[in-house]
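The values are calculated or read from the model by the stated rules, or taken from the named source; none is laboratory data. This one's a predicted model, so the numbers in the text were calculated from it and none came from an experiment. Don't worry about glycine lacking a Cβ; one is built from the backbone with ideal geometry, like all the others, and counts go over all protein chains shown.
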Amino acid sequence: MSNNRIISASLSCIALACTVFFFAFRHINSAPFETVKISGGLVSGTSNAIGDIQIFKGIPFAAPPVGVLRWKEPQPVIPWAGTKQCTAFGPSPMQSSPVPFGPWSEEYLIPKEPISEDCLYLNVWTGAKTPKAKKPVIVWIYGGGFSSGGAGCAIYDGEAMAKKGIVFVSINYRVGIFGFFAHPELTKESGHNASGNYGLMDQLAALKWVHENIAAFGGDPNNVTIAGQSAGSMSVNCLVASPLGKGLFKRAIAESGAMFLTNPAIGISTLKKAEDEGVKVGTGLADLRAIPAAELMKKQMGIRGVIVDGYVLPQSIANIFAANKQNNVDLLTGWNEDDGVIFGKPKSADEFKQQAQQQYGSDAATFLQNYPAATDAEAATSQGNVSRDMVFGIQNYTWANIQSANGKHKVYLYRFARKLPATGDYIKFGAFHTGEVAYAYGNLQFVHRCPWQPLDHELAATMSSYWANFAATGNPNSAGLPNWPAYNTQNNSTIILGETVQSKPLPGKAGLDFLIEKMK
């Protein structure tokens, strides 16, 4: 064979090999879900940089709640023709433009735009290669005091959890006066003799969408975990309590928030009280629904959030659980070391002790044993701890105790204690409210202000694995992770998520018990 023929044959072999490699590589990295058929029509999305995670953003799960649908239970999605490109987040719910404050820099806030009443969209991240994969599902519900927030926040990105085998879904729901406005005329027209919990109804509608559609993305509709933080955690608590949540989820992750006891920061109102607040806004539904959204926001000062409406919540959450009428779920819950934030100047030691005496009388000494005030600095720390325990600690602690006493499903309790690395004024906020979210979902890279250390990345890897394992099996443990014992009221075992990860009896238990006793 001549040299030319040898060279030609060699080049042909190389060309064939390259062609085979190209098509093989393209097959490996091609989108398994180029288009997906769901309620409403076909959708397409994008993939991450290396092509192993498919991402769908801005999928409508209900009709836009505008015009005559303002303050209505979410209605079925409006079908579309062709393929809807779902490559960008839908608008955040109607609210004020986000402005950083306290420990919450822009990474913890919604994008500045778009913001709209037309907000009922959700997002899906999946690493499944086939619709038959039946991967566990997490549905994320954001916080924001029921008056702000949205799924487009950077730290709620779902790619890292999808890489751990989770189909991750983040959802929007109406907030403020758009999501929690009760009115006698709305109650009358509802068909349920109830009004006000439209934000919770949005969450339920999204969960129904997940139940009907998530298998098309490789998720298991029978293995859904609802997860949330702050008002999102309170929402999780409400959904577990609501009869309307039956069959829509199997597990719950509740980070810093529940609604068992009177919450000094975010109330849970009776329908009558909420209706009375609503009447102050105006009467005549046609006129109220015609008010421009920006104008309506100026009228929402008395609108505080969740309502015992007789429909979504037939009774208070405490009474529902006391009667054992809640949806029984596996539970992972806890709160942060510095969840309590004191704005303004803290009281001096003398002022703090005087306040304790006025509030607790002969029990002030017991209070001060748990929240000491020997110096002004110690008193300032105790004020933060009281704020933490009153607003968040007693709520999730109560839930853990009820769950443990019930005995049907396990509960895993945590305390997030890592003081986030910081510079400047951010140093003082420590393990602040919301600080755990970027760790739990593997999203440290989106918080640019923090000079992350190796231990932070290790903690994020551990926490996100715990969270993913729990969603998959109801147990956060797996080989290679520090053991996280289940909680019960005898051992009070709590995993401390800090510079080290270790289990120990719940820190500050005596103070929590004292506060709960005084609220009875």
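Restricting attention to the stretch 211-262, the residues that are in contact with a Ser or Thr (Cβ under 8 Å, 6 or more places away or on another chain) and among the hydroxyl-bearing types (Ser, Thr, Tyr) add up to 3. On the stretch given as the stretch 508-520, residues that are closer than 17 Å to ALA318 by Cβ, of a type outside the set (Asp, Glu) and either free of Cβ contacts under 8 Å to residues at least 12 places away in the same chain or crowded, with 17+ Cβ neighbours inside 10 Å (or both) total 4. So which of SER148, SER170 ends up being of a type outside the set (A, V, I, L, M), part of a loop (DSSP other than H, G, I, E, B), in contact with a helix residue (DSSP H, G or I) (Cβ under 8 Å, 6 or more places away or on another chain) and without any contact (Cβ under 8 Å) to a residue 60 or more places away in the chain? Every option except SER148 fails the conditions. Annotation: of all residues in the stretch 325-354 being modelled with pLDDT of 95 or more and surrounded by fewer than 16 Cβ atoms within 10 Å (Cβ to Cβ), the one that is nearest to PHE260 (Cα to Cα) is LYS325. Of all the listed residues (ASN483, ASN491, ASN477), the sole one being in a loop (DSSP other than H, G, I, E, B), farther than 23 Å from ILE342 by Cα and at pLDDT below 95 is ASN491.
Taking (1) assigned to a loop (DSSP other than H, G, I, E, B); (2) within 19 Å of THR398 (Cβ to Cβ) in turn, GLY196 satisfies each apart from (2). The set of residues in the stretch 478-520 that are under 23 Å from VAL437 (Cβ atoms) and touching a Pro at 6+ places or on another chain (Cβ under 9 Å) comprises TRP484, THR494, ILE495, ILE496, THR500, VAL501, GLN502, SER503. Taking into account only those residues within the stretch 30-63 that are on the phi > 0 side of the Ramachandran plot and in a loop (DSSP other than H, G, I, E, B), which is surrounded by the most Cβ atoms within 10 Å (Cβ to Cβ)? Residue satisfying both the conditions and the ranking: GLY40. Scanning the stretch 320-357 for residues that are basic (Lys, Arg) and within 24 Å of ALA486 (Cα to Cα) yields a single hit, LYS325. Among the residues of this structure, GLU189 counts as one that is under 27 Å from GLY284 (Cβ atoms), surrounded by fewer than 24 Cβ atoms within 10 Å (Cβ to Cβ) and touching a residue at least 40 places away in the same chain (Cβ under 8 Å). In the stretch 200-208, the count of residues that are part of a helix (DSSP H, G or I), touching a Cys at 6+ places or on another chain (Cβ under 8 Å) and of a type in the set (A, V, I, L, M) is one or more.
For the stretch 74-92, give me each residue that is crowded, with 16+ Cβ neighbours inside 10 Å and in contact with a Leu (Cβ under 9 Å, 6 or more places away or on another chain).
Scanning the stretch 74-92 gives PRO74, VAL77, LYS84, GLY90.
For the subset of the stretch 493-507 comprising residues that are surrounded by fewer than 19 Cβ atoms within 10 Å (Cβ to Cβ) and in contact (Cβ under 8 Å) with a residue 24 or more places away in the chain, which member is farthest from ASN396 (Cα to Cα)? If we take residues in the stretch 493-507 being surrounded by fewer than 19 Cβ atoms within 10 Å (Cβ to Cβ) and in contact (Cβ under 8 Å) with a residue 24 or more places away in the chain, then GLU499 is farthest from ASN396 (Cα to Cα). For the stretch 93-109, a residue qualifies if it is touching a residue at least 60 places away in the same chain (Cβ under 8 Å), surrounded by fewer than 22 Cβ atoms within 10 Å (Cβ to Cβ) and either touching a Lys or Arg at 6+ places or on another chain (Cβ under 8 Å) or not in a loop (DSSP other than H, G, I, E, B) (or both), and the qualifying residues are TRP104, SER105, GLU107. Among the conditions (1) surrounded by fewer than 16 Cβ atoms within 10 Å (Cβ to Cβ); (2) in contact with a helix residue (DSSP H, G or I) (Cβ under 6 Å, 6 or more places away or on another chain); (3) in contact (Cβ under 8 Å) with a residue 40 or more places away in the chain; (4) of a type in the set (S, T, N, Q), ASN488 misses just one, which is (1). For the stretch 294-311, the condition of being outside any loop (DSSP other than H, G, I, E, B), among the hydroxyl-bearing types (Ser, Thr, Tyr), closer than 20 Å to ASN193 by Cβ and under 28 Å from the mean Cα position of the chain (by Cα) holds for none of the residues. Across the stretch 339-368, the qualifying residues are those that are in contact (Cβ under 8 Å) with a residue 24 or more places away in the chain and of a type in the set (S, T, N, Q), and the one among them that is nearest to SER235 (Cα to Cα) is THR366.
Residue count for the stretch 110-143 satisfying the condition of being part of a loop (DSSP other than H, G, I, E, B), crowded, with 24+ Cβ neighbours inside 10 Å and either at positive phi or among the aromatic types (Phe, Trp, Tyr) (or both): 1. Output yes when any residue across the stretch 272-281 is more than 30 Å from ASP220 (Cβ to Cβ) and part of a loop (DSSP other than H, G, I, E, B), and no when none is. No, that holds for no residue. Beta carbons closer than 7 Å, at least 6 apart along the sequence or on distinct chains, pair a first residue in the stretch 67-87 that is under 30 Å from LEU186 (Cβ atoms) with a second that is assigned to a strand (DSSP E or B) for VAL77/PRO60; PRO79/GLY41; TRP80/GLY41. Where residues in the stretch 418-472 are over 15 Å from the mean Cα position of the chain (by Cα) and acidic (Asp, Glu), which of them is surrounded by the fewest Cβ atoms within 10 Å (Cβ to Cβ)? By that ranking, first place goes to ASP425.
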